[in-house]
Every structure is written in C-alpha cells, then in structure tokens.
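Peer 1: Dumping the structure here so I can ask a few things about it.
A short reminder: the numbers here are calculations on the coordinates, not readings from a lab. These numbers come from a predicted model, not from an experiment. Positions of Cβ are backbone-derived with ideal geometry, glycine not excepted, and every protein chain shown enters the neighbour counts.
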Amino acid sequence: MRRPVDLRSDTVTRPTAAMLAAMMSAEVGDDVFGDDPTVLSLQERVAGELGHEAALFVPSGTMANQLALRCQTRPGDEVIVEEYAHVFTAEAGAGAALSGVQIRVLPSERGVLEPARVEEAITPPTNDHWAPTSLVCIENTHNRHGGHVWPVESVTALAARVHGRGLRLHLDGARLWNAVEASGRPAATFAGVADSVSVCFSKGLGCPVGSALVGSRDLVNEARRWRKRFGGGMRQAGILAAAALHALDHHRERLADDHARARRFVERAELPADVVLPGGHPETNIVVIELPARLPVAAVLARLEEQQVRLVPFGGRLIRAVTHLDIDDEQIDYAAACLRDIVRTPVGVAG
Ligand SMILES: *Cc1c(COP(=O)(O)O)cnc(C)c1O
C-alpha cells in the first residue's frame, strides 16, 4: 500500500537527515539559566531578521501568541482580532484563561482588517462601563483565509492607525516566511511595524518543535518570566534551536516549491475557481476548498482517507490541504486525481 499523502498540515513533516545531524552536533547549555549558545544565536538571528531588538524561543506558536497577549494587556482589556484568527479560534480560549482579556472579533475581506473598521471598534478607557482596547492582532499569512498574504501596505496602514490611537499591534506570523517568499518582500517589512511578532519553525520550515516571540528587549524580558510561569522554560533547548537555524539556512527558498504544488493540486484536481479560497488560486501553501452541498465533508474526507490521502475538515463546508517539505509532485498528482474523481461523481460519494 502507498505511503499516506499527508496534507493535513505543514506541521506533519519529519526532520531531514541533515537537520538531525545539525541537532545532534548542537552546542547546548541550560536555556533557563540563559546560557544555551545555540538558543542565544537563534534568538539573535530571528530578532535581527524581523527588525526587532530581541527574541524568545518557545515551544509553540500558541505560547508565543499568548505571551504577546499576556505582556501587552491587563485583565479586563479588550483585544481586537479578525473573526477567523488562530489566536481566537484555535488556542483553546487561552486569551480568556491566561490573560483575562475579552476578544472582539471583526469580519474581513480575506483576513485583512480594514483600518477604519478597527478604529471604529476601539474602546477608549474613558468610561467605567467599557473594556478598554489595548491590543490588535493580525495574522499573515492567514490560515483560514486560504493562506492569503496581507500586502505590506495594508500592514503598514493598520499599524499607523493602531499606534496613532496608542494601542499595540501583534502579528501572528506562524507562516510569515510563506508571506515573505510569496511577496518577495523582506520579513522585516511585515514584522518591523508590529510591537510583537510570533513565528513558527514547526510549520513550513519543517522543524520538529519551536516558535519564537520577537519584540523590544523589555517585552522579551517580561515574556521570559511569563514563559517560565506558563511552564515553557526549556533546558538543553539548543538541540531544537539547531533545527531552526538549519531550517532558516536551508528550508526558506524551497517554500516556493510548496506554493507551486498548492497551485498544481488545484489545477490537477480541476477544482472550479469559485470553490477555492481566496479568489480561486492558492497564494501560498494552503488550499481551502468549499465543497458543494451534494458532497458532505465527512464522506469526502473518509473516501480520501481510504485512498491514503489526508486532508482536514475546516469548519462548515470547508476542507483544507497544506503542502510541505515531505510532499513531492507525484504525491500531489495522486492526491489531486483522487479528489478530482470524488468531485466529479455526480451523486454522493459514499455509495
Ligand atoms: C499553527 C499556528 C499557530 C501556532 O500553533 P502551535 O501548534 O501552537 O505551534 C499560530 N497561528 C497560526 C495562524 C497557525 O497556523
């Protein structure tokens, strides 16, 4: 039987032999004492590339996002986010549980928040009834909106508006390097205007574990204490940081291959443009497909699974496929052919 074509997420990659070799030869210390040289060098490199003073290596993107919330809000504050943002929909209510904030969600076009709409939603601290807004969070690329890249100009315009009102801006950049690859703009142009940025090494870059939070030296010092409190202090974490350094050197340019394969998947599956979000063509490595009513999500996914093709349900009538380091053209063509045959089937799929 064929090896499963696992398109559930870009988190499913296994470390390559070269990455494992880099991990095995990593120089390590104790990062809770702050003396793991490999972690220190990763933090310095990531902060520099993203145009910030400092960075903190953390176990997950969720922890990086939640540290950003914890350090830039007070309990009872309001945080403005796009309605399908990961920080709101996929972090187990952590904003409420760990920071005591309430989240106000705003609708958007393809995940990109309109500065005017954000401005209207800001609650000033001038009335005792109100929960004052302290933070706005954006996501680039936007996962639920099919890996859409926020244009640099939109990020800059929103940042100016948010800062003009004395608020802070957090960028969830779990897939920021995909945005960088797709747009050709340097990471710092997206990240430099935010007050804090989270990035994941465990997504498109193909690492087994690890994310980072970047920002000012003060923010990162405070986040370090909260990381300890949240149980995220790691000891010989240089083994993991070595994977991230290796990925930054070797797995960035190849993200273009993942993007090409996402487009190839849509073409070979012969999916009509109106069922692929956003706008008919994947921009990066995420393919979000809206199934027609005659094709129930669970039945389609089960039929694909029988053929060793794995996608995930993505809410409502949506399913998602993500290309990554462990997927080649042959696997994409096979998965696309399976999906094409299911979508072509005139009535139902189960029988
Ligand atoms: C994956 C992801 C995260 C973080 O996920 P972890 O599994 O906690 O590392 C954050 N934001 C977005 C948009 C993501 O896709």
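Peer 1: Before anything else, pin down the relative contact order of the range 1-154: Cα pairs under 8 Å, at least 6 apart, normalised by residue count, whole percent.
Peer 2: 18 percent.
Peer 1: Based on other C-beta atoms within 10 Å, arrange Glu120, Glu290 from fewest to most.
Peer 2: Ordered by Cβ neighbours within 10 Å, fewest first: Glu120, Glu290.
Peer 1: Here's another thing I want to ask about it. Angle check, please: helix 238-250 long axis (alpha carbons) against the longest principal axis of the chain (alpha carbons), in degrees 0 to 90, nearest 10.
Peer 2: With rounding to tens, the tilt is 60 degrees.
Peer 1: Can you find, among Ser108, Gly76, Ala121, the residue farthest towards the positive end of the dipole of the range 68-122? Put +1 on the C-beta of Lys and Arg, -1 on that of Asp and Glu.
Peer 2: Farthest towards the positive end: Gly76.
Peer 1: Specify the angular offset, from 0 to 90 degrees and rounded to the nearest 10, of the alpha carbon long axis of helix 255-268 from the longest principal axis of the alpha carbons in the chain.
Peer 2: The angle comes out at about 30 degrees.
Peer 1: Would you kindly give the portion of the calculated P(r) for the chain that falls above 38 Å, as a percent of all Cα pairs?
Peer 2: Looking at the chain, the distances longer than 38 Å represent 18 percent of pairs.
Peer 1: Report D for the range 64-127 in µm² per second (integer): Stokes-Einstein, Kirkwood Rh on Cα pairs, 37 °C, 0.692 mPa s.
Peer 2: 266 µm²/s
Peer 1: Rounded to the nearest 20 Debye, what is the dipole magnitude of the range 191-345 about its Cα centre when Lys and Arg each give +1 and Asp and Glu each give -1 at the C-beta?
Peer 2: Magnitude of the dipole: close to 800 debye.
Peer 1: If you don't mind, there's one more thing I want to ask. Run through the DSSP bridge list for the chain and note the antiparallel percent, rounded to the nearest 5.
Peer 2: 50 percent
Peer 1: On to the next question. Taking the Cα centre as origin and putting +1 on Lys and Arg beta-carbons and -1 on Asp and Glu beta-carbons, what dipole magnitude results for the chain, to the nearest 20 debye?
Peer 2: Dipole size: approximately 580 debye.
Peer 1: A follow-up question, please. Can you compute the charge dipole magnitude of the range 271-351 about its Cα centre, using +1 on each Lys and Arg Cβ and -1 on each Asp and Glu Cβ, nothing else charged? Give it in debye, rounded to the nearest 20.
Peer 2: Using only the charged Cβ atoms, the result is roughly 460 debye.
Peer 1: Can you sort His142, His281, His324, His86 from fewest to most other Cβ atoms within 10 Å of each residue's own Cβ?
Peer 2: With the fewest neighbours first, His142, His281, His324, His86 line up as His281, His86, His324, His142.
Peer 1: Also, I was wondering about something else. Treating each Cα of the range 218-315 as an identical point scatterer and ignoring solvent, apply the Debye formula and state log10 I(q)/I(0) at q = 0.17, 0.20, 0.25 Å⁻¹.
Peer 2: -0.89, -0.99, -1.30
Peer 1: Roughly how tilted is helix 152-164, in degrees to the nearest 10 and between 0 and 90, from the longest Cα axis of the chain?
Peer 2: 30 degrees
Peer 1: In what sequence do Trp130, Trp226 fall when counting other Cβ within 10 Å, fewest first?
Peer 2: In increasing order of surrounding Cβ atoms, one gets Trp130, Trp226.
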